[in-house]
Every structure is written in C-alpha cells, then in structure tokens.
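Participant: Sharing a structure with you now.
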Amino acid sequence: MNIKTIAGNARESAATVATAPTERKNAAIRSMADKLALGKSGILAANEADLAQAERDGLPGNLVDRLRFGENKIDSRIRCLNKMRALPDPVGQVIKTQQTTNGLRAERVRVPLGVILMIYEARPHVTVNAGAFCLKAGNAAILRGGSEARRCNEFLGELWQESLVEAGLPGEAIQIVSGSHEELGQLLQLSEYIDLVIPRGGKGLIAAVAGNSKIPVIKHYAGVCHVYVDDDSDVDRAIEIMLDSKCLMPEVCNAMETLLVSEEAARQLPKMIEAFRTHNVTVRGCETTQAAAPDVEPATRADWRTEYLDNIVSIRVVKNVDAAIDHVNHYGSHHTDAIVTDEDRNAGKFVEQVDSAVVLVNASTMFCDGESLGMGAEIGISTDKLHARGPMGLEELTSYKFVIRGDGHVMGRA
C-alpha cells in the first residue's frame, strides 16, 4: 500500500472515529488489553527477534533497553489500557460557556484533531499507548516506529486492527507503517491528510522531522533536566530525590542530568557523591565538587548542556537559588526541573522564574509522567508553548470549536 493511500484511509477513518460513541472506543481498548494478555507469547517472540537483530546491528545499549518489551512491560501496558478506558472521554466536553449581553450562548466544545502521525524509535509500548490515546480522543493514528522494532510493532498493529473491527470501528483508524526514510519524508508532506506530527526519539530524529514537515509538529528536542538542592535542605530527602531522578530510569528524557547544589548545601557533597557511586553513577563536577571527593571527573561547559541518558551526572555548585535559576534557564532544555528546599520563598521563586514545561518542588523529576499525573500514560512530552506543554494526555489531542446558540439573532438588527 502506498503512503498516500495509507494517509487517505486514515483521513476517512478519522471522520468515523470523531463521532464514535465512548462505549465503542472503550470496547476497542478493552479488546486490545485482552489481546495483549492472550498474545504474550507472540509479542515476546517478535520482540526477541527484534532484539537479536539489534544486537547483530550493533545498536547502542540505551536504544536496546528502549526496544525491550518483556512480560512486565506488557502487563504494564494492559494496566495502562484499563486506566485509559476509565478516563472521561474528552470529545464533546464543554470547556467554557458564556452568555453574551445580546442573548447568545457561546460554548467552547472539545473536538478531535483528526489524523495524528507518531514517529518514534524503539519503544514498542508507544504502539500500544499512542493507539489508545489517539482513539480515545477521537483521532485516527498513523504509527511509524523505527525499523529496529518492526516485527513487534507490526504484530501489535495486527492486534489493534482486530480490536477496532471487533468494536465496529474501521481497522484503518490505527495503522502501523515501517517504510523507508523516503516514505517517511512523503508522509511529512501530506498536510491535506494529516493534522499533527508527534516525534519521540533522539534529538537528531526530532530535528529531522521538524525540519522537513509541512504538518504542525509538537516536540521536545532534549531532556537536560536539573535538581537544585537549596540551603539547609534535608540531605537525606535531597539524596532520595536526586537518586530517583537519576537512577530509576536514566535512559528517559525526564531523568536528571545535572545536580545543582547551593554553596551552603555543598558541605553535604561528599555524602551526595558517595550515594551516586553506590548506585554506579559516574560523577563529573565543577572545581568545588572535585575538591569535595576523590576521583570526580572534571566537568566542562559542554556537560551542562548534555543529555547523557546514562549513569552519568554532572554536579555544579552555585551561589544560591537565583544562580540556580540562571543556570537552568541558560543551559537547560525547558523540559523538567526540580528544587529541593524547606524555604517557601525560594520554592516560589524557582517555580515562577524557571522557564520549563514541568517544575517540581521537593519531588523527583520522574513525576513528569502522564500515568502519575492521572492521564493513564502520556503520548509525549512537549517543550513547545503553543497548543500543548509538558506531558500530553487525552485533552492535548483535542482542539475546540465554538458552538453559538441564538434565537433568530442577526447582526444587522439594531
């Protein structure tokens, strides 16, 4: 099937899905959850074949980790689908109602975006999440995973199409494509069929998509995320937060890459560095950090802008909260940044002045997470400021239209 046909089928399906009853969309999502449970052996076999090919191709370790779709991850997706089924349907929600002085009643009502193109590397779980998100929000989806996950994604795509048809919806509402870069380039030109592109992957992939697309793109380029430890913070709490932010999932975009420590809190640096080493994290640091413990690697200016996606952290001692804010806004990627503090004034200043999509107070950067925030999961994280910012859930996959009700109103009547 050629690319234009795929896009045309998605556009036709979008018209049906946009007005589908909630019960029918939920039935497809429930069916997909059941098929994941029943089809585990097939999914695992397809994923193992992808992993074996990735090993032969010499894929980097962090990409292989994202490619792995084992039994625990499958079970996690089943739970996610069940949560999503329980979420309110955003389509048709009235966002705001206004009664005008001339007697008109104006409502802003949520409507689907239409056709969404997802482009992502590895991550077979995105094939499950994105399909469910787009469907529940009344959209059709074209899911273009990387070639490294082709077998698993195609298997999951078959399960989606079976689930849609069983629920009385068009099977083309969720389509998996695994074509060449040339075919991807063709998709990015089809603005008459596709309404939004969401890329998930490395900076190179996202830059290539944004640079070549005629379709609006929602994205984040990098996750250079920070935790700042303020004066007189409880050191044990700070260590727990920074370890969770760095070590729980170092390969994800909301993992902490730079730890900032105030001059006052720097007396606790030896304890912090030792905690990182206990968890096999390589520490790079400024001169003050190097002086606090042996064998700290020197950090360069480039480290402050680096998204490691690995067990590496850079540490910089800054004078105070104002200097921390300056560092975050200058070197960060406007993604996710946290402050650990007992001082409400400093917390307020950090929240107000840090220009990031997600700002946390006394909490791990891991909570930049749709599931933790009640979204079921997230379809992506945006550092853009137009339409959507931060973790994107169902509401972010809708727009709105004005519905205006009158009683014979005409503009020309005095």
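Participant: In the range 94-124, what residues are free of Cβ contacts under 8 Å to residues at least 40 places away in the same chain and either surrounded by 21 or more Cβ atoms within 10 Å (Cβ to Cβ) or polar (S, T, N, Q) (or both)?
Facilitator: T97, Q98, Q99, T100, T101
Participant: Still on this model: Determine whether N72 is touching a residue at least 24 places away in the same chain (Cβ under 8 Å), assigned by TED's automatic domain parsing to the domain that holds L394 and among the polar types (S, T, N, Q).
Facilitator: No, not satisfied.
Participant: Then there's this: Considering every residue within the range 59-70, establish whether at least one is within 26 Å of the chain's Cα centre (by Cα), within 21 Å of L135 (Cα to Cα) and among the charged types (D, E, K, R).
Facilitator: Checked the range 59-70: no residue is within 26 Å of the chain's Cα centre (by Cα), within 21 Å of L135 (Cα to Cα) and among the charged types (D, E, K, R).
Participant: Pull up the range 273-324, narrow it to residues that are within 28 Å of the chain's Cα centre (by Cα) and at positive phi, then point me to the one that is surrounded by the most Cβ atoms within 10 Å (Cβ to Cβ).
Facilitator: Taking the candidates together, the pick is L309.
Participant: I'm checking my understanding of the structure. Among residues of the range 344-372 that are touching a helix residue (DSSP H, G or I) at 6+ places or on another chain (Cβ under 8 Å) and in a loop (DSSP other than H, G, I, E, B), which one is surrounded by the most Cβ atoms within 10 Å (Cβ to Cβ)?
Facilitator: S364
Participant: Something else: Looking only at the range 42-61, decide whether some residue is in contact with a strand residue (DSSP E or B) (Cβ under 9 Å, 6 or more places away or on another chain), over 26 Å from I78 (Cβ atoms) and hydrophobic (A, V, I, L, M, F, W, C).
Facilitator: no
Participant: Within the range 404-414, does at least one residue satisfy the condition of being over 18 Å from the mean Cα position of the chain (by Cα), surrounded by fewer than 21 Cβ atoms within 10 Å (Cβ to Cβ) and not in a loop (DSSP other than H, G, I, E, B)?
Facilitator: yes
Participant: Scanning for something basic (K, R), outside any helix (DSSP H, G or I) and out of contact with any Leu (no Cβ under 9 Å at 6 or more places or on another chain), does the range 211-229 turn up at least one residue?
Facilitator: Yes, the conditions are met somewhere in the range 211-229.
The values are calculated or read from the model by the stated rules, or taken from the named source; none is laboratory data. Only a predicted model underlies this, so the values are computations on that prediction, with no experimental measurement involved. Note that each Cβ is placed from the backbone with ideal geometry, even for glycine, and that neighbours are counted across all protein chains shown.
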